[in-house]
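Here the structure comes first, spelled out in structure tokens, and everything after it is commentary.
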Amino acid sequence: MTYQQTIIDAGRTIGENQQTWSAIEPESVARMRLQNRFRTGLDIAKYTAKTMREDMAAYDADPANYTQSLGCWHGFIGQQKMISIKKHFGSTKRRYLYLSGWMVAALRSEFGPLPDQSMHEKTSVPALIEELYTFLKQADARELGMMFRDLDKAREAGDEVEARRLENAIDNYETHVVPIIADIDAGFGNAEATYLLAKKMIEAGACALQIENQVSDEKQCGHQDGKVTVPHEDFLAKIRAIRYAFMELGVEDGIIVARTDSLGAGLTKQIAYVREAGDLGDQYNAFLDCEEIEGAGNPGDVLINREGKLMRPRRLPSNLYQFRPGTGADRVVLDCITSLQNGADLLWIETEKPHVEQIAGMVDRIREVVPNAKLVYNNSPSFNWTLNFRQQVFDAWQEAGRDVSAYDRAKLMSVDYDGTDLAAEADEKIRTFQRDGAARAGIFHHLITLPTYHTAALSTDNLAREYFGDQGMLGYVANVQRKEIRESIACVKHQNMAGSDMGDDHKEYFAGEAALKAGGTANTMNQFAAA
């Protein structure tokens, strides 16, 4: 409904109860309704799933329509990202949020900082989703509230043109509520545990869940060693569990991102069950590092039949089995094809470096079987982007016969190379990495998992150096507040950002002229009126 239709609808209900509701203003009700468009997390999940499906179709039509997100560990951080995006680009279209399990473990666990090993409370993940959407909805309410105030001023001034413009802007308001791709790790247990947690995450508002093929109780960060994968059937059971959760809750457009860690995972906890030669279990076991044996083997040996030969898989003291070296890419391709053929919507391939051609080499093989395969890709801070891309340029130059004698490949991170042609070419490749990855490697969504973890550390270090040093209070004023004012950062009016003006509006709705409002002349936020 439009703004005026919402007022009329509220007035109709008030009119039916006019003997006791006469003090309720239809326009105030309409404003509160518009400021609370999403009543439940499921409303959000359904809306954002539809948005994401439309974006996926747009990408299929033109890879230039790739999407992006930044990781969040607090509702305020997510809110400020979306406010900044609307401020700088005028629209949140194709910009999402990412909820990183790494950051939940490191920053939100009651145990204190934890490594990314699924040791944090599983309920902290849906709680963060709910928190993120609470802050995004508050951003809507705040911005609409300012538009309502401007509308009142236009009416008081008799400016009908401005009043009509504002009503049209209200009718076409673009929400800060965007899709969140949420990390469910390896499912925090068996398939039933995955299903139960998925339901909680969907009910909180998540439209896209990312699950990885690691063993749940051996889970490691994707960019660390010691990763252990599970046979395909185990992983597919969890994909089906998530789909059941989406379907049960009526989010039929819900999106499953199937992540494979096989490129860097050289271990498995289980030998897959085989029903017949060539099935998925047999294909999984074919990658095991085995040695042929004579006779019955040693006590405690686990033996498999491979093409009529008795083989002993290499087993470590940890009781884990080892894959053959060099099989990672082949296992990735099989993982991805299998996941897409069994209900997943998007892929996530965890790599050890950001290299478009490496990713594309695997995606080309996947697309031979599933032509519209699309990736979510982690533009991870775990990569040394500067060193990686300078080395990529160095290698390309060397292969092309260019003179690279002025460069030491192992020391290309050095500041001494910052002004060189090689560094400039590497930086240009970093700048276009997302565009190139979308066009060449099937990357629909680019995300940075831990950006605000690093920006918070960097900005805090800079502030501490200045404030506790010779600059004193000027260290804050010059490097924080003055920049907030001049760059129109909404948070400079932190009382408004926390909901003070919205509270005043409500007080006026509830108490009329008797309302004791905070936004009077003594409010120091008025010092930023010209900001």
**Request:** Determine if segment 430-439 includes at least one residue that is of a type in the set (Phe, Trp, Tyr), surrounded by 14 or more Cβ atoms within 10 Å (Cβ to Cβ) and farther than 30 Å from Ala58 by Cα.
**Result:** no
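Taking the criterion of being touching a residue at least 12 places away in the same chain (Cβ under 8 Å) and more than 23 Å from the chain's Cα centre (by Cα), would at least one residue in segment 371-383 satisfy it?
Checked against the condition, which is being touching a residue at least 12 places away in the same chain (Cβ under 8 Å) and more than 23 Å from the chain's Cα centre (by Cα), segment 371-383 yields no hits at all.
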**Complete:** Across (1) touching a strand residue (DSSP E or B) at 6+ places or on another chain (Cβ under 6 Å); (2) modelled with pLDDT under 95, Phe188 clears everything bar (1)
**Request:** Among the candidates Lys269, Lys309, Lys353, single out the residue that is out of contact with any Gly (no Cβ under 9 Å at 6 or more places or on another chain), more than 23 Å from Ile366 (Cβ to Cβ) and in the same structural domain as Gly205 (by TED's automatic domain parsing).
**Result:** Lys269
**Message:** Can you list the helices (runs of 4 or more DSSP H) lying wholly within segment 2-45 that have 3 or more residues being hydroxyl-bearing (Ser, Thr, Tyr) and outside the structural domain of Leu249 (by TED's automatic domain parsing)?
**Reply:** 3-16
**Prompt:** Any idea how many residues of segment 167-190 are crowded, with 18+ Cβ neighbours inside 10 Å, within 30 Å of Ser262 (Cβ to Cβ) and not aromatic (Phe, Trp, Tyr)?
**Reply:** 9
**Prompt:** Any idea which of (1) of a type in the set (A, V, I, L, M, F, W, C); (2) assigned to a helix (DSSP H, G or I); (3) surrounded by 14 or more Cβ atoms within 10 Å (Cβ to Cβ); (4) at pLDDT 95 or above is the one Phe444 doesn't satisfy?
**Reply:** (2)
**Fill in**
How many residues of segment 54-90 are touching a strand residue (DSSP E or B) at 6+ places or on another chain (Cβ under 8 Å), under 20 Å from Ile129 (Cα atoms) and either modelled with pLDDT under 95 or buried (at least 17 other Cβ atoms within 10 Å of the Cβ) (or both)? The answer is 9
**Message:** As an exercise: evaluate Gly519 against (1) within 30 Å of Lys411 (Cα to Cα); (2) assigned to a loop (DSSP other than H, G, I, E, B) and give the number of the one condition it does not meet.
**Reply:** (1)
**Item:** Residue selected from segment 141-166 under the condition not aliphatic (A, V, I, L, M) and not in a helix (DSSP H, G or I), by the criterion surrounded by the fewest Cβ atoms within 10 Å (Cβ to Cβ)
**Value:** Gly158
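The values are calculated or read from the model by the stated rules, or taken from the named source; none is laboratory data. In this text, all values refer to a predicted model and were calculated from it rather than measured experimentally. Using ideal geometry, Cβ is built from the backbone for each residue, glycine included, and neighbour counts are taken over all protein chains shown.
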